[in-house]
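Student: Could you have a look at this structure, given as structure tokens, before my questions?
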Amino acid sequence: MSDFKLSPPGFDAQALAQVRSSALPRTPTTKSPDAQGETAPGVDKAAQDFEGVFLSQMMSQMWTDVDTDPNFGGGEAEKTWRGMMIEEYGKQIAKAGGVGISSEVKQAMLRMQEQAQSSNPLAGMMTKGEK
């Protein structure tokens, strides 16, 4: 008897079965990092940095019409250093708890990550030949 190949050349039945099984809706076996009380690496820092930049931009508007005191300093040097001082104010306020922007940003970032992972069931799956 001769060997019959039921599949056309280049067809990989195992790979197809694997893709089909991974694309089926399934219940998660593990909780997301946020549901476990943890967060993905870098999310907290990114959210805090965002709040610091936002607060710095807000505070820089407060200082636009404030002139330097000619009796006790002033000049171009003070104008240069003022921007750096305001940036550090924003960072320190955010580090001390901020005004609540970082927690909202963090939640939004985690939601976007979960949506991206759930909308692409093939994410993280290696194709045949990749290792």
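The values are calculated or read from the model by the stated rules, or taken from the named source; none is laboratory data. Here the structure is a predicted model, which means the values were calculated and not measured. As a convention, Cβ positions derive from the backbone with ideal geometry for all residues, glycine included, and neighbour counts pool all protein chains shown.
Student: Take the residues in the stretch 106-123 that are in contact with a helix residue (DSSP H, G or I) (Cβ under 8 Å, 6 or more places away or on another chain) and assigned to a loop (DSSP other than H, G, I, E, B); name whichever of them is modelled with the lowest pLDDT.
Tutor: Ala123
Student: Can you tell me which of (1) at pLDDT 60 or above; (2) surrounded by 10 or more Cβ atoms within 10 Å (Cβ to Cβ) is the one Leu16 doesn't meet?
Tutor: (1)
Student: Continuing with the same structure: From the residues in the stretch 59-77 that are within 38 Å of the chain's Cα centre (by Cα) and in a loop (DSSP other than H, G, I, E, B), which one is nearest to Val99 (Cα to Cα)?
Tutor: Restricting to residues being within 38 Å of the chain's Cα centre (by Cα) and in a loop (DSSP other than H, G, I, E, B), the top hit is Trp63.
Student: Next question. Scan Gly98, Gly52 and give me the residue that is modelled with pLDDT of 75 or more and either exposed (fewer than 12 other Cβ atoms within 10 Å of the Cβ) or assigned to a loop (DSSP other than H, G, I, E, B) (or both).
Tutor: Gly98
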